[in-house]
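Down below is the structure, laid out as structure tokens.
What follows draws every value from the coordinates through simple rules; no lab data is involved. Just so you know, these numbers come straight off a predicted model, no measurement behind them. Heads up, the Cβs are rebuilt from the backbone with ideal geometry, glycines too, and the neighbour counts pull from every protein chain shown.
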Amino acid sequence: MPQSKLFAPTTIPTRAGEGLALRNRAVLPPMCQYSIEQRDGIPTAWQLVHLGAHAQGGFGLVIAEATAVAPEGRISDLDVGLWNEQQAEAWKPVTEFIHSQGAAAGVQLAHAGAKASTYGWLKEYEDAGKTGSLAPEDGGWQTLTSTPSDLHGLAPAAQMSGQQIADSVQDWAEAAKRADQAGFDLIQIHAAHGYLIHQFLSPLVNQRTDQYGGSWENRTRYLREIVQAVAAVWPQEKALGIRFSGDDWVEGGWRIDDTVRLATELYAAGVRAFDLSSAGIGPFRGPSGPGYQVPLAQAVKQALPEDAFVTAVGGITDPVQAEQILVTGQADGVSVGRAALGDPQWPNRAAKKLGAATASPAQYWRGRW
Ligand SMILES: Cc1cc2nc3c(=O)[nH]c(=O)nc-3n(C[C@H](O)[C@H](O)[C@H](O)COP(=O)(O)O)c2cc1C
């Protein structure tokens, strides 16, 4: 049986030290759980069990869901956060358990911008048919963005002032410090899916006339400032990553060439892990099907220095397909989202199929795969 690439251990490089060792190249991508019923952004037993199960399931890297850097950056009032000390403390048992199962722990830091303040999934909302923007009587708040736009079909967002942008960059850095304190090994900056950073990057939204809009340099400034501020406080020995929407899939939008150019700049600024998703501005558009975003990862991988760790995501469900993506050099790792929601043991099952050793904990050895 030839050695599986998916289950060959690897390392995400860091700016100093040995890098972040991963037991394999299967990554659990961030997936919102909208489960914080106290509305205080403090992770609960849900995060421990949900992320812990995927660590038990054999993932090399488990990345916690979009975690707000500021309360107004939550997609819903049920989101988790890292804007205060209590939240940082509450994440500790989660990272400790992930580590105890042999996986590395990542967190996706996020700000939803104009796509904040929406109804998360909660039975009472569903029963009442409540979707879209949170009504003020349900706790909705004024959202912020680069340029107000009706592309999102949500309550109008306010344009951020220069001071609000500067304060927001600081929020990202403070959240990064707390992510370190909480025991995370990797930060993934959420620059994808039409959320705040993407609202600056994409000319479909950003129509500003100040130094944060107009030219490519100006539209990318907010993100470049975030990366600089985060890199200044995030330990050099820990891994720094980003998730892009590699393409808006629309003429005049943010395209893969823009992503490749920016990825190259951010590599120079210390980012080493790149995850390539797509779309999120306006109505859903773009390709779908097995591995539909793999070409985006491949484009970034080809442009970056050899040691960058590039992951593909989207429609990766089958172990042989995942192996193929790695063997053909299209990416260095694969993120498996929905397939793993239905089966947290996806990596252990995949290992069996590919003839690799499973990471199944001893307690589960008698399970049937
Ligand atoms: C329930 C759910 C929640 C998600 N939440 C996030 C999120 O918090 N951050 C993010 O970048 N992507 C999020 N995504 C997108 C996934 O990370 C992933 O990119 C997407 O599902 C495509 O991969 P898949 O085909 O393997 O599921 C979410 C997807 C699902 C299904």
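Data overview
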quantity: Cβ crowding within 10 Å averaged over residues, with 18-25, 311-318, 155-162 ranked highest first; calculated: 311-318, 18-25, 155-162
quantity: Which listed pairs, of Lys301/Lys353; Lys238/Lys301; Lys5/Lys238; Lys123/Lys352, have C-alpha distances above 29 Å, in listed order; calculated: Lys123/Lys352
quantity: Rounded to 5, the percent of DSSP beta bridges in the stretch 10-360 classed as antiparallel; calculated: 10
quantity: Most mobile of Tyr34, Tyr222, Tyr125 in a GNM of the chain (Cα contacts under 10 Å); calculated: Tyr125
quantity: Long-range amide H partners of Leu22 with built H, under 5 Å; calculated: Thr10, Thr11, Ile12
quantity: Note, ³J(HN,Hα) from phi for the stretch 262-267, Karplus 6.51, -1.76, 1.60, rounded to Hz, x at Gly and Pro; calculated: 6, 4, 5, 5, 6, 4
quantity: Under 5 Å, built H, 5+ apart or other chain: amide partners of Gly213; calculated: none
quantity: Degrees separating the helix 294-303 axis from the principal Cα axis of the chain, which is the longest one; calculated: 90
quantity: Amide H partners (placed H, <5 Å) of Ile242, local residues excluded; calculated: Ile189, Ala273, Phe274, Asp275
quantity: Relative contact order of the stretch 1-122, pairs being alpha-carbon contacts under 8 Å that are 6 or more residues apart, as %; calculated: 28
quantity: Nearest 10 degrees, 0 to 90: helix 162-181 Cα axis against the chain principal axis; calculated: 20
quantity: 3J(HN,Hα) from dihedral phi, the stretch 151-158, Karplus parametrisation 6.51/-1.76/1.60, rounded to Hz, x for glycine, proline; calculated: 4, 8, x, 10, 4, x, 9, 8
quantity: For the chain: relative contact order, % (alpha-carbon pairs under 8 angstrom, 6 or more apart); calculated: 18
quantity: Hz values of 3J(HN,Hα) by residue in the stretch 221-235 - Karplus curve (6.51, -1.76, 1.60), Gly and Pro given as x; calculated: 4, 4, 5, 5, 5, 4, 4, 5, 5, 5, 4, 6, 10, 7, x
quantity: 0 to 90° range, to nearest 10: angle between helix 45-56 axis and the chain longest Cα axis; calculated: 40
